[in-house]
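Written out below as structure tokens is the structure these notes cover.
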Amino acid sequence: HNLFQKYLYGKMDETERAYTHEDVGNALEGLYGEHADEIAHQLARHFHEAGVIPKTITYLRKAAERATRLSANEEAIGHLHRALQIVADQPETPDRSREELPLQLALGPPLLCTVGPGSAELSRAYMRARELCDQVGNAPQLFQTLFLLVHHHANQGRLPTALELAEQLIEVVESAEEPLPPVIAHWAKGFALIYLGRLTEALDYHERVISLYDPDRDSALAYIFGMDPAVSSLCYGAIALWCLGRIDQAEEYGRRGLTLAREIDHPTSTAHVLLQAAYLGAMRRDAERVQSLADELVALSTEHGVVLFRAWGTIFQGWALSARGRHERGIERLVGGMVAAREAGSQLGHTQVLRFTAESWAQNGDVDKALEFLAEAMEMVEQTDERLHESEILRIRGELLLERNADHADEAAAVLRRAIKVAQNQGAKLIELRAVISLSRLLRATGRQEEARTMLTALYSTFGEGLDTPDLKQAEALLDELP
């Protein structure tokens, strides 16, 4: 009976308790053998009461890793904080640094979910891990630290720094004496490159991830790095392919990413693929699909406490509402989602949200407000070097300048030509087509139909797939209208 247990436990002196806890811990280790991790929390308590510090720290870390795998992120963080406190109470030695480093790294995935990529606590954990790596000189842990810093700096709006760190990751893989996962290094570089607008290069690195990925070997990486690399690369590969005009291939990548995410059953990876699928749905102007994906994303993220993905689910709910004519409600959710993402410490992708919000204000009849959001978006492009959405921001600005004042056709045309140039430099053929359609309409309205037809025909004729998408249908319809 519990009361007898408490009575007998209370009769023991401190030394007897310590020896008994150690005996129980050792006995449980023997009974569970290879499955001792299943009772890691219990073992950590026994060894802590026994004063066996190394085993206490080891089992708290294992309890945290188990909780992370089960998406019990708050529980994982609690275990790690207790372990770090115990480590901090130990004398400052190289052994203490070696014990602390894996604990700081293990904080990454659960903190990413619960407080977001830009939280002060996450930043402290990453910076401390980098400092410890310099002291310990452990290649696998340096590799993990650099990866986490890539993600951190990208979300903080420091994409060139993120790219430099990703290149360091590849160097660590190539020079390490022991095997390190190249899929993670290639993913990191592709991740930075796509937001920088270097689409062809980004696709190359994401395709390397997809070709090198072995599910039996690499699926566990999701629990170490917070994301399954192949799922994520299929998503980003789909975006790059879509922008490059390889539309059917983009759709295939998207389907493969969603299938793999559901197979591995990793909530954060599933949330990631839902987010990117919603993005592609928005680019196809499919409000019904975006609404369905966004609702699923919000529900999944809420269930597992993934704050950043919940914010993005809210953003795409806002886009879908606005696309269906409920502009004020849509704007409310777009702005609310953007604020929530910023509170989670992420600026990544906000140029896109500002563009969505500008479109919603324009559809709601407030062109001046829309132009204000576009101006903010362009400021962010210049500050962060996030170029993925630059052409679209310029295209919409050109259209709205003309809508606000028909006498500003020359200014609008100049902005649209700039949008075309940006898309061409990125190789973003489908994004270029959007800007060419807008400029062709302006040229037609100002009596330059032949120039419009020549320009639009030259680009439209290069597409061999995705002819049923809204953009290509618009191009075909406009060509039919031009004399």
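The values are calculated or read from the model by the stated rules, or taken from the named source; none is laboratory data. These numbers come from a predicted model, not from an experiment. When we count neighbours, we look across all protein chains shown, and the Cβ atoms used for this are built from the backbone with ideal geometry, even at glycine. We work out accessible area using only protein heavy atoms, side chains counted, and drop any ligands, DNA or RNA first. Shrake-Rupley method; radii C 1.70, N 1.55, O 1.52, S 1.80 Å.
Points to keep in mind about this one:
- Highlighted here are the helices (runs of 4 or more DSSP H) found entirely within the stretch 373-466 that include at least 2 residues which are crowded, with 21+ Cβ neighbours inside 10 Å and not hydrophobic (A, V, I, L, M, F, W, C): 390-404, 429-445.
- Selection of the stretch 251-276 for residues being surrounded by 24 or more Cβ atoms within 10 Å (Cβ to Cβ), farther than 23 Å from residue 73 by Cα and among the small types (Gly, Ala, Ser) yields only 257.
- Matching option when the condition is of a type in the set (S, T, N, Q) and under 19 Å from the mean Cα position of the chain (by Cα), among 346, 292, 322, 360: 346
- Residue 418 touching a helix residue (DSSP H, G or I) at 6+ places or on another chain (Cβ under 9 Å) and modelled with pLDDT under 95: no
- When we screen 60, 84 for residues that are among the aliphatic types (A, V, I, L, M) and over 20 Å from residue 136 (Cα atoms), the only hit is 60.
- Where residue 117 falls short, out of the listed (1) free of Cβ contacts under 8 Å to residues at least 40 places away in the same chain; (2) out of contact with any Asp or Glu (no Cβ under 8 Å at 6 or more places or on another chain); (3) at negative phi: (1)
- Residue under evaluation residue 235, criteria (1) in contact with a helix residue (DSSP H, G or I) (Cβ under 7 Å, 6 or more places away or on another chain); (2) part of a helix (DSSP H, G or I); (3) surrounded by fewer than 24 Cβ atoms within 10 Å (Cβ to Cβ), criterion not met: (3)
- Taking the conditions (1) at pLDDT below 85; (2) surrounded by fewer than 22 Cβ atoms within 10 Å (Cβ to Cβ) in turn, residue 122 satisfies each one other than (2).
- For the stretch 361-371, the count of residues that are in contact (Cβ under 8 Å) with a residue 40 or more places away in the chain and surrounded by 20 or more Cβ atoms within 10 Å (Cβ to Cβ) is nonzero.
- Of the helices (runs of 4 or more DSSP H) contained entirely in the stretch 31-116, those carrying at least 1 residues that are under 18 Å from residue 129 (Cα atoms), open to solvent by 40 Å² or more (accessible area, probe 1.4 Å) and modelled with pLDDT of 85 or more fall at 53-69, 73-88, 94-106.
- When 282, 294 are screened for being buried (at least 24 other Cβ atoms within 10 Å of the Cβ), in a helix (DSSP H, G or I) and touching a Phe, Trp or Tyr at 6+ places or on another chain (Cβ under 6 Å), only 294 passes.
- The listed residues are 298, 335, 306, 353, and the only one of them that is under 30 Å from residue 402 (Cα atoms) and in contact with a helix residue (DSSP H, G or I) (Cβ under 6 Å, 6 or more places away or on another chain) turns out to be 353.
- Listed by first and then second residue, the pairs with beta-carbon distance under 7 Å, at least 6 apart or on different chains, first residue in the stretch 81-96 and among the polar types (S, T, N, Q), second assigned to a helix (DSSP H, G or I) and open to solvent by less than 60 Å² (accessible area, probe 1.4 Å), are 90/53; 90/96.
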